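Notes to accompany the following structure.
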Amino acid sequence: MVRNALITGGTDGIGKASAKELVKLGYNVIIIGNTEEKGKAAIDEIKQGMPEGHIQFWRADLSLISEVLRVSNAAKTQDNKRRL
């Protein structure tokens, strides 16, 4: 069974540490954050320790309801594609 995790604020601190651990446990991890550069850096760092891990970065400003809706719809769509 595929397990997915969305992590807000996953480009540093507790969020990034959580992403690292979930990737190690075999989750498909999506980090959500505001800054592309920080997202790329976080993914590069996580991939160094777990190159076969499944991790992505989605840029979103979750202070905006439109962005929350966009991300939640994208996550549902991605999950449904995996189940086909």
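The values are calculated or read from the model by the stated rules, or taken from the named source; none is laboratory data. In this text the structure is predicted, and so the values were computed from the model without any measurement. A quick note on method: Cβ atoms are made from the backbone with ideal geometry, for glycine too, and the neighbour counts reach across all protein chains shown.
Quick one: is Glu52 over 12 Å from the mean Cα position of the chain (by Cα) and surrounded by 13 or more Cβ atoms within 10 Å (Cβ to Cβ)?
So Glu52 does not fit the description; no.
So which pairs qualify, if the first residue must be in the stretch 32-57 and under 13 Å from Asp12 (Cβ atoms) and touching a residue at least 12 places away in the same chain (Cβ under 8 Å), the second must be of a type in the set (Val, Ile, Thr) and part of a loop (DSSP other than H, G, I, E, B), the Cβ gap must be under 6 Å, and the two must be at least 6 apart or on different chains?
Between residues of the stretch 32-57 that are under 13 Å from Asp12 (Cβ atoms) and touching a residue at least 12 places away in the same chain (Cβ under 8 Å) and residues that are of a type in the set (Val, Ile, Thr) and part of a loop (DSSP other than H, G, I, E, B), the close pairs are Gly33/Thr11; Lys38/Thr11; Gly39/Thr11; Ala42/Thr11.
Is the stretch 36-44 home to any residue that is more than 24 Å from Glu67 (Cβ to Cβ) and either under 10 Å from the mean Cα position of the chain (by Cα) or among the aliphatic types (A, V, I, L, M) (or both)?
No: zero hits.
Scan the stretch 1-20 residue by residue and report those that are of a type in the set (Ser, Thr, Tyr), under 18 Å from Arg59 (Cβ atoms) and surrounded by fewer than 19 Cβ atoms within 10 Å (Cβ to Cβ).
Selection gives Thr8 alone.
Of the residues Asn73, Asn34, which is surrounded by 14 or more Cβ atoms within 10 Å (Cβ to Cβ) and modelled with pLDDT under 95?
Asn34
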